[in-house]
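*Asks:* One structure, pasted below without further comment.
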């Protein structure tokens, strides 16, 4: 069976969606995080606290653009080239991430940020490390997990001939979800953010604010350290 290239097609119409998502994230970080505009008591909270919606928009775009070639290959009766897919996904994420992580370590003196857990984007699977290294890298952890899951899902649908939309719907109740009042950041993550505030105030605002915006509304007051 012929191998099918899994290079995503370019959809010019989605560029505007991508730019809108990118702009919302820039505003969220500039106003909501660095200017503390997403703090529960800030007057800008209602305007900027949910501009992080750009993250799920990017996830949706990735899902559509990356899964479509698998569907195209199945429709053509071809075997997808997983080696090329994996190599492109690796180049998409890890080299740039490693450079950013090393620069952060050298510039801010972060200790332990070059541990294998952070280098391999596994920090999101523990509350004690999720805000460590580069706090924003949790999105890359999710993206890498999606990259790994996508070929498995495509192979499942190909081999079982399962109806795709009902099968996708069945994934939702099977997905583990965090309890509504359980904070995502552990106390050690918050202590680490406070320690960064002493050494690098500007950089630590990202860590502290990330922790605050990902904790539940009920527990946010415990996440925001006082200046």
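The values are calculated or read from the model by the stated rules, or taken from the named source; none is laboratory data. Everything quoted here is computed from the prediction, not taken from an experiment. Backbone-built Cβ (ideal geometry, glycine too); neighbour counts: all protein chains shown.
*Asks:* Out of (1) outside any loop (DSSP other than H, G, I, E, B); (2) over 30 Å from residue 167 (Cα atoms); (3) under 15 Å from the mean Cα position of the chain (by Cα), the odd one out for residue 130 is which?
*Replies:* (1)
*Asks:* Next up: Restricting to the range 108-123, and then to whatever is modelled with pLDDT of 90 or more and assigned to a helix (DSSP H, G or I), can you tell me which residue is surrounded by the fewest Cβ atoms within 10 Å (Cβ to Cβ)?
*Replies:* This residue is 116.
*Asks:* Follow-up. Among the residues of the range 50-58, are any out of contact with any helix residue (DSSP H, G or I) (no Cβ under 7 Å at 6 or more places or on another chain), within 22 Å of residue 14 (Cβ to Cβ), modelled with pLDDT of 85 or more and not in a loop (DSSP other than H, G, I, E, B)?
*Replies:* Looking through the range 50-58, at least one residue is out of contact with any helix residue (DSSP H, G or I) (no Cβ under 7 Å at 6 or more places or on another chain), within 22 Å of residue 14 (Cβ to Cβ), modelled with pLDDT of 85 or more and not in a loop (DSSP other than H, G, I, E, B).
Condition check ((1) modelled with pLDDT of 90 or more; (2) more than 16 Å from the chain's Cα centre (by Cα); (3) in a helix (DSSP H, G or I); (4) surrounded by 12 or more Cβ atoms within 10 Å (Cβ to Cβ)) across all residues:
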site: 15; (1), (2), (3), (4): no, yes, yes, no
site: 22; (1), (2), (3), (4): yes, no, yes, yes
site: 73; (1), (2), (3), (4): no, yes, yes, yes
site: 106; (1), (2), (3), (4): yes, yes, yes, no
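To keep it simple, each residue is scored yes or no on (1) at positive phi; (2) out of contact with any helix residue (DSSP H, G or I) (no Cβ under 6 Å at 6 or more places or on another chain); (3) loosely packed, with under 15 Cβ neighbours inside 10 Å.
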| residue | (1), (2), (3) |
| --- | --- |
| 36 | yes, yes, no |
| 60 | no, yes, yes |
| 79 | no, yes, yes |
| 91 | no, yes, yes |
| 94 | no, yes, no |
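*Asks:* Something else: Quick check, is residue 168 part of a helix (DSSP H, G or I), closer than 22 Å to residue 55 by Cα, at pLDDT below 90 and over 15 Å from the mean Cα position of the chain (by Cα)?
*Replies:* yes
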